[in-house]
Amino acid sequence: MIEVKNLSHSYGKFMALNNVSFTINKGDFIGLIGPNGAGKTTLMNTMVGILAADSGEVLVDGTGVEGFHADVRRKIGYMPSELSTYEMFSPTELLSFLAAMYGIDATTASNRMSELFEKLEMTEWRKKSIKKLSTGMKKKTAFAAAILHQPELLVLDEPFESVDPISQHKMKEILNKYLENGGSVIMSSHVLDTVQNICNTFILMNKGEIIKQSSLNALDGSLEDEFFNLVNELNIAHEETLEDDMPEEDDDEAQD
Ligand SMILES: Nc1ncnc2c1ncn2[C@@H]1O[C@H](COP(=O)(O)OP(=O)(O)O)[C@@H](O)[C@H]1O
Ligand SMILES: [Mg+2]
């Protein structure tokens, strides 16, 4: 179980993540949604320990992520939205390196890699440098890299962006199997139809805060309508607050 407790993170004076708390249980598939700049990537980076939290904590089965303990690291698979730092490797090299880091023996690693590359239809690209791959192929590499060590939790930052529909379908099949085997997923996405179709819970973020967390079964209409209405209400409320804060115009005192 993963507990995110009162997590906050600021970039300088700007608070990108403000006191966020939620829990991920075995079998949960959470869709993290919200406008650009809502703080989704900051939350995920803080959850996996890449960014240090200013306050609050993330506990994986009771152990904090901040120390990068090997057993915590093994339980989490992270797919960043960009794979730019590993571009000099090929998919095979990257995954072999990660497998060695996780202490997976060479035969098991090779079998898992072949299976993943085949399922994701990237076998013929596996030895090309990542730099030369299409965005979709880079995404699939990052996805395979996140799931290779069979973690308990997958943290996926916009996994389907720029991925063609067939590849998306393959990734979803792999995710279904992963969930059936007891895994949990948190995934950020702007593709609300997909979130509504494959996730069981959604968390809506806006300006660094969780606005709503709800089961998707409980939703009557479309997630898109829900998203639009909630964000709209917030913006109207925000504008009204700004208007309340404006000094009243007073004609009598206008001249000086
Ligand atoms: N490294 C950074 N330095 C300063 N501000 C940042 C940095 N990364 C993100 N931000 C700001 O923090 C806010 C949240 O960003 P992010 O977590 O990337 O949101 P999202 O993933 O929801 O689009 C945005 O306003 C963004 O401009
Ligand atoms: Mg982001």
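The values are calculated or read from the model by the stated rules, or taken from the named source; none is laboratory data. Since the model is a prediction, treat every value here as computed from it, not as a measurement. In this analysis, Cβ positions are derived from the backbone assuming ideal geometry, glycine residues included, and neighbour counts consider all displayed protein chains.
Taking the listed residues ALA53, ALA109, ALA38, ALA99, the one that is of a type in the set (A, V, I, L, M) and more than 23 Å from the chain's Cα centre (by Cα) is ALA109, with no other qualifying.
If I filter the stretch 1-46 down to residues being of a type in the set (Phe, Trp, Tyr) and surrounded by fewer than 19 Cβ atoms within 10 Å (Cβ to Cβ), which single residue comes out as farthest from SER184 (Cα to Cα)? It comes out as PHE14. Consider the stretch 38-91 and keep the residues that are modelled with pLDDT of 85 or more, in contact with a helix residue (DSSP H, G or I) (Cβ under 7 Å, 6 or more places away or on another chain) and of a type in the set (Ser, Thr, Tyr). The one that is nearest to ligand 2 (Cβ to nearest atom) is SER81. Of all residues in the stretch 47-55, one or more are buried (at least 20 other Cβ atoms within 10 Å of the Cβ) and not aliphatic (A, V, I, L, M). Among the residues of the stretch 149-157, some residue qualifies, meaning at least one is within 16 Å of ligand 2 (Cβ to nearest atom), closer than 21 Å to ARG73 by Cβ, of a type in the set (Asp, Glu) and modelled with pLDDT of 95 or more. If you go through the stretch 155-175 and pick out every residue that is under 24 Å from THR107 (Cβ atoms) and crowded, with 22+ Cβ neighbours inside 10 Å, you end up with 0.
Go through the stretch 209-226 and count every residue that is part of a loop (DSSP other than H, G, I, E, B) and touching a residue at least 12 places away in the same chain (Cβ under 8 Å). Quick ask: steps written out before the conclusion?
We begin by selecting, within the stretch 209-226, every residue part of a loop (DSSP other than H, G, I, E, B); these are 216-222.
Next cut, touching a residue at least 12 places away in the same chain (Cβ under 8 Å) only: 216-217, 219, 222.
Residues flagged as part of a loop (DSSP other than H, G, I, E, B) and touching a residue at least 12 places away in the same chain (Cβ under 8 Å) within the stretch 209-226 amount to 4.
Residues are listed down the side, and each one gets a yes or a no for (1) more than 29 Å from VAL65 (Cα to Cα); (2) in contact (Cβ under 8 Å) with a residue 60 or more places away in the chain; (3) assigned to a helix (DSSP H, G or I):
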position: ALA145; (1), (2), (3): no, yes, yes
position: HIS149; (1), (2), (3): no, yes, no
position: LEU154; (1), (2), (3): no, yes, no
position: PRO159; (1), (2), (3): no, yes, no
position: SER162; (1), (2), (3): yes, no, no
position: LYS177; (1), (2), (3): no, no, yes
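Take the residues in the stretch 31-54 that are touching a His at 6+ places or on another chain (Cβ under 9 Å) and hydrophobic (A, V, I, L, M, F, W, C); name whichever of them is nearest to ligand 1 (Cβ to nearest atom). Ranking the candidates gives LEU43 first. When residues in the stretch 3-30 are screened for being away from ligand 1 (no atom under 13 Å from the Cβ) and either of a type in the set (Lys, Arg) or in a strand (DSSP E or B) (or both), 12 of them pass.
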